[in-house]
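So the structure is just underneath, and the comments pick up after that.
The values are calculated or read from the model by the stated rules, or taken from the named source; none is laboratory data. Please read these numbers as outputs of a predicted model, since none were measured by experiment. In this analysis, Cβ positions are derived from the backbone assuming ideal geometry, glycine residues included, and neighbour counts consider all displayed protein chains.
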Amino acid sequence: MSRLEISDLITAVDPAGRRLPVSRAEVVERLRAAGDVRAARLVAGLPADPDGVLDPAAVDRLLIGVHTELQRLSEELRIGDRLVQLLGPLFAAIRSTGAAGPYRLVDVGCGLGYLVRRLAATGALGPRVELVGVDLDAALVGEADRLARAERLDCRFVHGDAFALPEAATVYVSTGVLHHFPEPALAAFFRAQGDSPALAFCHYDIAATGLAPVGAWVFHRARMRHPLGRHDGVASARRAHGDETLLRAAAASGMRPLLYEPRRVANPFCTTLRPVLGLRPQLEAPLRRELGRAARRLLGPEQFAAAAR
C-alpha cells in the first residue's frame with residue numbers, strides 16, 4: 001500500500017502560499033489507486049461544493065482539530081522537553097563561539113506552533129533568541145498566532161516559505177516534517193539551509209524502527225478522536241526515513257551532518273523522535289562540550305559507519 005497522508009492531499013497552495021482548490025474526487029481516486037480504500041472513504045465524506053471542490057473552511061477546522069490533538073500527544077510524550085535537551089546546548093555552543101546575537105530560531109512547518117510557544121513560555125534557550133514559526137498553511141499559522149497572543153508569549157508566526165524570510169535564521173528546526181519529503185526533495189530541503197546564513201539546523205522526525213508503526217497505531221488510536229488523525233499518524237510512521245537516508249540527505253547542505261540517538265545506539269522501545277543536525281564546522285566541538293556525556297549519542301557519518309560494523 002502506498003504511504004499517503006490525507007492531510008497532504010486535501011490542501012494545496014501555489015509557490016506564493018496562496019490557497020488552491022482541491023477536487024474531492026481527484027483525492028479519492030488517488031487514494032484508491034494507492035490501495036488505501038479506508039482513506040478514500042474518509043475523504044469522500046468531507047464537505048464539498050456543488051463542483052466537487054473541498055470546502056476550505058471545513059478542511060481548516062478539521063486540520064486545526066487534528067493538530068490540537070497532536071499537540072496533546074506531544075505534551076504526553078514530553079517532546080518539548082526532549083528538544084530542549086539538545087537545543088539548549090546548541091544555543092550555548094553558538095554563544096561560546098562569539099557569534100553575534102540576537103539569535104533567531106525558525107521552526108519550519110510549525111503547525112500550531114507548539115515548539116515555538118513552549119520555548120517562549122519557558123525561556124529555555126536563554127536571552128536574545130527570537131522565536132519564529134513558519135508554515136504554508138494559513139489556517140494553522142493563524143491559530144498559532146491566536147494561541148500565542150492568548151498566552152501573551154513573545155514569539156511570532158508567519159505564513160509563507162521559511163527560507164524566504166527577510167531576516168536570516170540562526171538555527172532552523174522542525175518536528176515531524178522530514179517524512180513528508182521524498183529523498184530527492186529532502187536533499188534540496190537541506191541544501192537550502194546550507195545556502196543560507198544559518199549556523200545550524202536541528203530537525204526531529206519519527207525514528208524508523210520496526211516498532212514505530214505499532215506505537216503510532218496504539219498512541220493515535222488512544223488519543224486521536226478523528227479517523228484522519230489516526231490514519232495519518234500510522235502513515236507518518238511508515239514513511240519515516242532511515243538513519244542512512246537522513247545522513248546522506250543532510251550532507252547535501254554542506255554542513256557537518258550528525259545524528260543524535262540513531263537507531264543502532266538507542267532503545268527502540270523509548271525512541272519516538274530523533275534529530276538530524278547540520279553544523280557549521282566551528283560548532284561541533286563546542287556542542288560536544290556542552291552536551292557532556294550525552295555527546296556519545298551524537299554520531300557523524302564515520303562514527304555511524306563504524307557502529308554499523
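I'd like to check something: does the range 61-80 contain any residue that is hydroxyl-bearing (Ser, Thr, Tyr) and touching a Pro at 6+ places or on another chain (Cβ under 6 Å)? For the range 61-80, residues hydroxyl-bearing (Ser, Thr, Tyr) and touching a Pro at 6+ places or on another chain (Cβ under 6 Å): absent.
Looking only at residues in the range 71-97 that are modelled with pLDDT of 90 or more and of a type in the set (Gly, Ala, Ser), the one that is surrounded by the most Cβ atoms within 10 Å (Cβ to Cβ) is 93. Considering the range 145-179, the residues that are of a type in the set (A, V, I, L, M) and under 15 Å from the mean Cα position of the chain (by Cα) include one that is nearest to residue 80 (Cα to Cα), namely 173. Identification of helices (runs of 4 or more DSSP H) wholly contained in the range 214-309 with 3 or more residues that are at pLDDT below 75 and out of contact with any Gly (no Cβ under 8 Å at 6 or more places or on another chain) yields 301-308. Filtered by the rule that a residue be in a loop (DSSP other than H, G, I, E, B) and either in the same structural domain as residue 159 (by TED's automatic domain parsing) or surrounded by 13 or more Cβ atoms within 10 Å (Cβ to Cβ) (or both), the range 3-23 gives 3, 4, 5, 10, 11, 12, 17, 22. Taking the criterion of being surrounded by 19 or more Cβ atoms within 10 Å (Cβ to Cβ) and in contact with a Lys or Arg (Cβ under 7 Å, 6 or more places away or on another chain), the only residue of the range 49-66 that qualifies is 54.
Looking at 23, 96, which one is under 30 Å from residue 126 (Cβ atoms) and of a type in the set (S, T, N, Q)? Of 23, 96, the one residue that is under 30 Å from residue 126 (Cβ atoms) and of a type in the set (S, T, N, Q) is 96. Are any residues in the range 119-134 of a type in the set (D, E, K, R) and modelled with pLDDT of 95 or more, and if so, which ones? Scanning the range 119-134 gives a single hit, 130. Of all the residues in the range 75-131, those that are in a loop (DSSP other than H, G, I, E, B), hydrophobic (A, V, I, L, M, F, W, C) and within 17 Å of residue 158 (Cα to Cα) number 2. Among the residues making up the range 132-184, those that are closer than 26 Å to residue 243 by Cα, free of Cβ contacts under 8 Å to residues at least 24 places away in the same chain and assigned to a loop (DSSP other than H, G, I, E, B) are 181, 182.
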